[in-house]
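Nothing in this text is a laboratory measurement; each read-out follows from the coordinates by a stated rule. Here the structure is a predicted model, which is why all the values come from computation and not from measurement. Cβ: placed from backbone, ideal geometry, glycine included. Neighbour counts: every protein chain shown.
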Amino acid sequence: MGNPGDTQMKLATGEGGYVLEDVPHLTDYLPDLPSYPNPLQDNPAYSAVKQYFVNDDDTVTQKIVVHKDSPRGVHFRRAGPRQRVYFESDEVHACIVTCGGLCPGLNTVIREIVCGLYHMYGVKKILGIDGGYRGFYSKNTVTLTPKVVNDIHKRGGTVLGTSRGGHDTSKIVDSIQDRGINQVYILGGDGTQRGAAVIFEEIRRRGLKVAVAGIPKTIDNDIPVIDKSFGFDTAVEEAQRAINAAHVESLSIENGIGLVKLMGRYSGFIAMYATLASRDVDCCLIPESPFYLEGSGGLYEYIEKRLKENGHMVIVIAEGAGQDLVSESLQSMDQQDASGNKLLQDVGLWISHRIKVPPSIDAWLSSRCLYPTYMIRAIPSIASDNVYCTLLAHSAVHGAMAGYTGFTVGPVNGRHAYIPFNRITEKQNKVVITDRMWARLLSSTNQPSFLNPKDIAEAKEEKQPPGLLDGENCKDKKSNTEEDPSNLGCHGTESTDQPCIASFLSFMFLCVMLFLYAIREDS
Ligand SMILES: Nc1ncnc2c1ncn2[C@@H]1O[C@H](COP(=O)(O)OP(=O)(O)OP(=O)(O)O)[C@@H](O)[C@H]1O
Ligand SMILES: O=P(O)(O)OC[C@H]1O[C@](O)(CO)[C@@H](O)[C@@H]1O
Ligand SMILES: [Mg+2]
């Protein structure tokens, strides 16, 4: 097993096309480490559980829908407690850090790491790092005990604070070494997990007995491989309140338009699921589905139709939608935040100013804009997310105690697994607008697809380079998000380093628009 020289990939193969994409273990570079019986076997709560320990050979399949002759495909190591651990309880000195934007459930994960370490493994030394990665070397630490974290899951945000922007990996590892920390739990999104991978590499380079465990976080639900990210359900639930308010506002005025801007810099999962759940939404606009305002099949035409039919309408817009249109009209430059994320133009404000009274509607038209973005991500997580956060935290703790390192945790087809960092950082998931979930949305809102059916058909028929098709094909490359009509948690994928259907369709759309524009100019 293993691939010498390649620190990223640890592969094992088996019969029938079985591939295990494994995670590193401390014994990979510290082969003489002693192991100990897992103290859980004497824990009154867990000792009665039949087969409580996970078999070392258990793996979780990435591809759950298969054909008779399909190769068995990629698997990940199953998460959970092992018979033997590589840390003695009083030897462990753990720390927890939270980075990136807020997300409901951060405090629950912190709480459950602390309580899991304490109650399951008898670990007493746990530090909180204040203010994200930079806090390792620029701030004091916080001592975490079950008592300190007892009710933090009822609060929004992160009790540890967070930050965006750069950090110094060497200084972080120096701080880990100086403080004698040997388990590092890192909660954060794609940027954070990239940082965690580099920290792990530096720890391995220095030959330290330090386990690094990542817990993936993003409210946008755009992390690949895992079924869903924590806090997403809370966000969709909370978005309902804003959509309901927008609906009430729109109903109370003649030709009222309620507009709700939701989070989603690069992906529209929150907007899509909030729309599907609500059934009061007439139009959902997301970054993956380019739209246009004027002409046949455009937004103005649809607004006019809905107002004539209903006298009011609700539009949900993900903040990353229509950025090309906004930039075009505001002639803005590409700007980035401290972490290199794209800074967005305010599409909500822009579109609300752009919505004109359709000539055929002889009445007052008014729009009401709701921006619940930060209200949504600052609330405590709902019950189902709390349970999910507990499982994530416990999976991470079991993995670190068992000596695994340089891994992230998450459910793959419903079973928790240890996943190599690079698998969740190599791309971001996106809504695939040729998958069935987007079709469900279109059929529930009746909004236009903003695409020419002929172009879609042609795009599907054309011979595509690898990775250019919809979720099913993107899935074959790297993802777990195969479209399955019974899988409401699935999301489509688009590889960021591969051309994908969305960009292809955008290109087609642009060509059609240029063509129409040229015809109009001529006439
Ligand atoms: N490419 C990278 N390599 C190493 N570290 C990074 C990278 N990108 C970001 N980081 C580190 O991770 C931290 C958080 O990154 P970022 O602000 O992008 O949030 P995130 O983890 O992606 O979460 P969110 O879901 O809110 O986007 C930053 O403080 C930064 O130091
Ligand atoms: O305002 P901040 O903290 O940069 O975070 C906003 C961003 O965070 C995200 O939720 C990603 O985590 C984006 O959808 C959103 O644009
Ligand atoms: Mg990010």
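Loop-located GluC sites (Glu not before Pro) in the stretch 60-142 (DSSP state not H, G, I, E or B) with no more than 16 neighbouring Cβ atoms inside 10 Å: E88.
By other beta-carbon atoms within 10 Å, ranking Y18, Y121 with the fewest at the front produces Y18, Y121.
Under the classification rounded if a/c is under 1.5, otherwise prolate if a/b is larger than b/c and oblate if not, where does the stretch 234-312 fall, given a ≥ b ≥ c as square roots of the Cα gyration tensor eigenvalues? Oblate is the answer for the stretch 234-312, as a/c is 1.5 or above yet b/c matches or exceeds a/b. In this calculation the C-beta distance from M375 to N150 is compared with R0 = 30 Å, giving a FRET efficiency of 0.70. What does the net charge come to around A417 if you take all other residues with beta carbon closer than 9 Å to its beta carbon, with K and R at +1 and D and E at -1? With Lys, Arg at +1 and Asp, Glu at -1, the neighbours total +3.
From the Cα gyration tensor of the stretch 163-245, with a ≥ b ≥ c the square roots of its eigenvalues, which class applies: rounded if a/c is under 1.5, or else prolate if a/b is larger than b/c, or else oblate? List each step's numbers first, then the result.
Working: a/c = 3.15, a/b = 2.71, b/c = 1.16.
The shape class here is prolate.
Using a Förster distance of 41 Å, how high is the FRET efficiency between R179 and R84, based on the Cβ-Cβ distance and rounded to 0.05? Computed FRET efficiency for R179 and R84: 0.95. Length gained on full extension, I253 to S444, computed as 0.36 nm times the residue gap minus the Cα-Cα distance: 66.4 nm. Quick one: Debye curve from the C-alpha atoms of the stretch 1-90, no solvent, what's log10 I(q)/I(0) at q = 0.15, 0.17, 0.26 Å⁻¹? With one equal scatterer per Cα and no solvent, log10 I(q)/I(0) is -0.76, -0.90, -1.30.
Across the stretch 1-106, C-alpha contacts under 8 Å between residues 6 or more apart give a mean separation that, scaled by the residue count, equals a relative contact order of 27 percent.
Taking the square roots of 5 times each eigenvalue of the Cα gyration tensor of the stretch 130-188, largest first, gives ellipsoid semi-axes of 22, 15, 9 Å. Sticking with the crude label model, points 7 Å out along Cα→Cβ, report the distance from R241 to Y36 in nm, one decimal please. Result for the modelled spin labels: 4.5 nm. Here the relative contact order of the stretch 251-320, from alpha carbon pairs under 8 Å that lie six or more residues apart, stands at 51 percent.
Spacing of the modelled spin labels on D56 and E309, each 7 Å from Cα toward Cβ, amounts to 6.2 nm. Looking at the square roots a ≥ b ≥ c of the eigenvalues of the Cα gyration tensor of the stretch 204-362, which shape do they give, rounded for a/c under 1.5, prolate if a/b is larger than b/c, or oblate? Verdict is prolate for the stretch 204-362.
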